[in-house]
Structures are given as structure tokens and as C-alpha cells.
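Notes follow once the structure below has been shown.
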Amino acid sequence: MSSAVLDYIEVGPFAKAEGAVALPGSKSISNRVLLLSALASGTTRLKGLLDADDTRVMRAALKTLGVDVDETDGDCVVHGCSGKLPKDQADLFMGNAGTAIRPLTAALAILGGDYRLHGVPRMHERPIGDLVDGLRMVGAQVAYEQNEGYPPLKLSKGQIRTNEIIKVRGDVSSQFLTALLMSLPLVANNEICIEVVGELISKPYIDITLKLMSRFGVDVRNDNWQRFYIPANSGKPYASPGTLYVEGDASSASYFLAAGAIAGGPVRVTGVGKNSIQGDVAFAQALAQMGAKVTSGDDWIEVHGVNTPNGKLKGIELDCLAIPDAAMTLAVAGLFAEGATKLTGIASWKVKETDRIAAMAKELQKMGATVKAADDYIEVTPPKQWATPVDGIDTYDDHRMAMCFSLAAFGPLKVRINEPTCVAKTFPEYFQEFAKVAKK
Ligand SMILES: O=C(O)C1=C[C@@H](OP(=O)(O)O)[C@@H](O)[C@H](O)C1
Ligand SMILES: C=C(OP(=O)(O)O)C(=O)O
């Protein structure tokens, strides 16, 4: 999907981070509101929508499904289909976007039709079986084209029934629950109960889902993260809120905020702040725990220096179950801390864009850090002597690997980052924006 693929980029060494960055739109919000707008009655004007690979595949899929998505005046204007998509046959390429393939699979399986959903090779290694099990429980027809439990998927029309409690596992990805929550109102003749099996991970993303569904007129009751109740409706559950503003991306914010903490600051991000509905804003609190000075307003967060006796960040131990994406940034910030930084609750890293536990451990070690890692944690002890791998830091086609390792350039040595164009998944302009705040 990315345009010109660069072999590598060299960054740093930088002495200081200072400045302000206006964040691109939130990926999580963008893909949810695109789908909800398409399913709703009425026209929705989306302002500040993310323009990146993950949202391009969603917009392209909706257009293929016959939805009128107009992007000519800078906003994205979606003419909703009132719960019935125009095309009942389509072949849809979903790239490596979990937030696109999972909710769209659920919506299409529930609505019924002959659809095929597939993606890049890594997408075919990312699990979707728990969602398919949940969909089959309501009578949806979903078949695996290659490997049981993984895309590509073939959907056909099923007989949907929603009178029994629908169960879905919550411990592999919260996106399966999100997908069921967004699509089941389309067939809620009666109240529907979804029950989570196993521990629900990434809970703040469920909050995003519920808050956005509410903006489109569907209020789900969350009973202690165990059971979710979708109210019965008259057949057209979603109504356009008119104009909807997409917040800046809180996970993308983490790189700049960490730069401020590592290299002096002040660094300010605008587009997210105290009023954010994204759980990853909690990343700023983690930086504060490491000793950074953090302030925020309704629409901004700023990190300005470190508040420890020796002016260095301090290593922390933190459960990152609620902030899996921003947690990667903490692992790299750990290179600059005094003492070890231990991040727990990160088992989901294994099934994301790459096996992030293995990738992170390997690349941090290349920088000279001592790393302990297992199935659900990583512990980073900073380098005694910084190293710079001549062959560079590998990014594994994972946007977050490229973005968080740019921070290593605040160490004493320049850093070569291989295949940096993978940032196009969520933040195509990342390195240009980073260059504005990273100073020699
Ligand atoms: O619902 C979402 O928008 C997301 C949920 C999280 O995934 P998991 O629920 O798989 O942890 C997160 O890592 C992903 O980037 C976006
Ligand atoms: C896990 C991620 O993406 P996805 O939405 O594809 O799951 C991510 O952006 O870090």
C-alpha cells in the first residue's frame, strides 16, 4: 500500500526535543465512525479523519460495497445506507488493518451476502477465530478459505437468530467484541446480550466503541465488562450525528510525548487532551511515573522535562493490558531510564503486526540494552554502552517498531531504521513530523 518504499532512514543523534505537533486522526475512531456512518441513516460529515493505509482499506471497502463516500472537499462525507449495504457480493482487501477486517466481517456476516475478506500475508496469520465462533453462534455463515481460525474468509447468507446469550472470548483481541457490538444492533429485534469469556483485554477500546455507538444513537449497557446489553430497536438502529470530529491519535502522540520526556521538552501534541475518549492518553501518566512533567488541556498534552533528582527518567513496572500500543513506546523510553523498565500484560503483542515481543527484544538488544522477555512481559535494562547496529534496526513491516525506535536517536549515536515506510499504516508523515521536534 505504501508509495515509494525506502530501504532505510538515518536519524540523529539528537540532543533535544522541543516543539509542537498537530496529530493525525485516531485510527481507532476513524475506522469505527466510517463503518457506523455507512450503516446509519442520514449523511455524516467526518472531520479530521485519518488518511493512512488502515483507513484507506476501510474507505475502499465501503465504496466497493456501494456506499457513497465523498472526499472531494477535504472532509469525508458518508451517505449512510440505513442498515442495508447496496452490494451483496464483493471481494475486499483489508491490508493489515485489524480495525477494518474484524468489524467489517461481523457487519457483512450479519447482513448476509457473498463476500470474501483477505489481507496482506501477515493478516492471514492474525487470529479471527473467536469472532467467527461468535458469529456462527448467531447463525452467520463464515468459512475459512485457507487456515482454520485465520483470514481469508468467505461469507454467505445465514439465518440470524439473537435470542440466546452470545459468547465471545475477550483475551486474544478486544476487536472481536467491538465487531459484535457494532454489528448486532442491525438485527436486534429483541434485547441482545453478549457475554465475554476469559479476561477482557484492551478495555479502553471497548469504551471507544460504546461511546461512538452512542453518538450514532445506540446505547449499550456495560455490566462490569462481563455482559453487554444491546437494546431492541425497530430495524434502523443507527442515526447519523451530522458532523463528527475525529480526535487526534493518542497512540501516535506517545512518540512525541516520550521525546519530550527523554530529551528535555517541552513537546506539545494537539488533537488529544483531557477530554479524549482514547485509553492511550494514559501513556502520559506512565511517563509521569517515570519522572516526566506532564500538563494537559482539553485538546493538548505537553511534556516538559523530568522531575527526578538527577534529571533522568526512572525505570518503572507497569501493567499495560489497557494500553498495548503505547506500551511499545515505553519499552524504548526504558533505554533512557535509570534502572529496569518492566511491562506486563502484553501477551497480545504476539498477534499484532508482527510478534512484537520477539521483535522488540531483538532490536532493543541491538542497541546494547539487556532484555528479558517471555509470553506476557518485557523488561528492559538500559545499555551500559550504547551500540549502533550497522545493518540498522529492523521494523518487521510494523509501523510502531519504526516509530518507537526513532526515539533511540536521542541516545549518543545515530540510528538507522530499515524500511521506514511501514509507518504508512497509521502515520504516513511520521518522520517529517518527528524531524520538527528532534533537534541536534
Ligand atoms: O479496537 C481498536 O481500535 C484497537 C484495539 C487494540 O487491539 P486488541 O484489542 O487486539 O489489543 C489495539 O492494539 C489496536 O491498535 C486498535
Ligand atoms: C495493533 C495495531 O493495529 P490493528 O488495528 O491492525 O490491530 C496497532 O496499530 O498497533
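For region 27-245, DSSP calls about 60 percent of its internal beta bridges antiparallel.
Under a 5 Å amide H cut-off, with hydrogens placed 1.01 Å from N, residue 368 pairs with 387 among residues at least 5 apart or on other chains.
Antiparallel versus total DSSP beta bridges in the chain: what percent is that, nearest 5? List each step's numbers first, then the result.
Numbers: 45 of 69 bridges.
Given both bridge residues lie in the chain, the antiparallel proportion sits at roughly 65 percent.
If r is the Cβ-Cβ distance from residue 64 to residue 312 and R0 is 51 Å, what FRET efficiency results, to the nearest 0.05?
Numbers: r = 52 Å, r/R0 = 1.02.
Efficiency computed from Cβ-Cβ geometry: 0.45.
The trypsin sites (Lys or Arg not before Pro) found in region 53-84 that occupy coil by DSSP, while having at most 12 further C-beta atoms within 10 Å, are 84.
Return the long-range amide H neighbours of residue 338 (sequence gap of 5 or more, or a different chain), with a cut-off of under 5 Å between placed amide H atoms. HN-HN under 5 Å from residue 338: 313, 314, 315. The convex hull drawn around the Cα atoms of the chain, when projected onto a plane and averaged over every direction, covers 19.2 nm². Each peptide in 239-250, 193-204 was scored by the mean count of other Cβ atoms within 10 Å over its residues; highest first, the order is 239-250, 193-204. Using θ = phi - 60° in the Karplus curve 6.51 cos²θ - 1.76 cosθ + 1.60, the 3J(HN,Hα) couplings for region 90-95 round to 6, 10, 10, 8, 10, x Hz; x is entered for Gly and Pro.
Amide H to amide H distances under 5 Å link residue 8 with 419, where only residues 5 or more positions off or on other chains count and H is placed in the peptide plane.
Rounded, prolate or oblate: which fits region 34-89, taking a ≥ b ≥ c as square roots of the Cα gyration tensor eigenvalues, rounded meaning a/c under 1.5, else prolate when a/b beats b/c? Let's see the in-between values first.
Numbers: a/c = 2.02, a/b = 1.30, b/c = 1.55.
The shape class here is oblate.
Each residue of region 294-302 is assigned a 3J(HN,Hα), and the resulting list reads 10, 10, 8, x, 4, 10, 8, 9, 9 Hz, derived from the Karplus form 6.51 cos²θ - 1.76 cosθ + 1.60 (θ = phi - 60°), x at Gly and Pro. Please give every one of the aspartates and glutamates within straight-line cross-link reach of residue 366, meaning a C-alpha to C-alpha distance under 14 Å, and leave out same-chain neighbours fewer than 8 residues apart. Reachable aspartates and glutamates: 391, 394.
The mean sequence separation of alpha-carbon pairs under 8 Å and at least six residues apart, normalised by the residue count of region 27-245, gives a relative contact order of 21 percent.
Mind scanning 314/342; 384/414; 314/439; 167/203; 293/362; 293/314 and naming the pairs with a C-alpha gap bigger than 19 Å? Don't skip to the answer; put the middle values down first.
Working: 314/342 11 Å; 384/414 17 Å; 314/439 23 Å; 167/203 17 Å; 293/362 30 Å; 293/314 13 Å.
Correct reply: 314/439; 293/362.
Electrostatic tally near residue 31: other residues with Cβ closer than 11 Å to its Cβ, Lys and Arg +1, Asp and Glu -1, net +4.
Please give the FRET efficiency for residue 439 paired with residue 203, using the beta carbon to beta carbon distance and R0 = 41 Å, rounded to the nearest 0.05. Please report the intermediate quantities before stating the final value.
Values: r = 37 Å, r/R0 = 0.91.
Once rounded, the FRET efficiency stands at 0.65.
Restricting to Cα atoms and excluding each atom paired with itself, what does the Kirkwood estimate give for region 27-245 in Å? Averaging 1/r across every pair of different Cα atoms and inverting gives 16.9 Å. Our coupling estimate for region 304-309, obtained by passing each phi through the Karplus curve with A = 6.51, B = -1.76, C = 1.60 and θ = phi - 60°, is 9, x, 10, 10, 9, x Hz, Gly and Pro reported as x.
Checked against a 26 Å cut-off, the cross-linked pairs 312/372; 63/436; 211/350; 16/47 give Cα-Cα distances beyond that limit for 63/436; 211/350; 16/47.
Antiparallel beta bridges, as assigned by DSSP with both residues in region 163-228, represent about 50 percent of the total such bridges.
Dipole magnitude for region 1-113: computed about the Cα centre from +1 point charges on Lys and Arg Cβ and -1 point charges on Asp and Glu Cβ, it is near 440 debye.
Rounded, prolate or oblate: pick one for region 214-332, where a ≥ b ≥ c are the square roots of the eigenvalues of its C-alpha gyration tensor, a/c under 1.5 means rounded, and failing that, prolate if a/b is larger than b/c, else oblate. Don't skip to the answer; put the middle values down first.
Values: a/c = 3.61, a/b = 2.05, b/c = 1.76.
Note, shape of region 214-332 comes out prolate.
Length available on full extension from residue 358 to residue 72: 0.36 nm per residue minus the Cα-Cα distance, which gives 98.7 nm.
Can you pull out the trypsin sites (Lys or Arg not before Pro) in region 231-338 that DSSP calls coil and that have at most 16 other Cβ atoms within 10 Å? Walk me through the numbers on the way to the answer.
On the way: sites: 268, 274, 293, 312, 314; in loops: 274, 312.
Qualifying residues, ordered by number: 274, 312.
Only the coordinates and a few stated rules stand behind these numbers; no lab work does. Because the structure is a prediction, the values reported are computed rather than measured. Cβ sites come from the backbone with ideal geometry, for glycine too, and all protein chains shown count toward neighbours.
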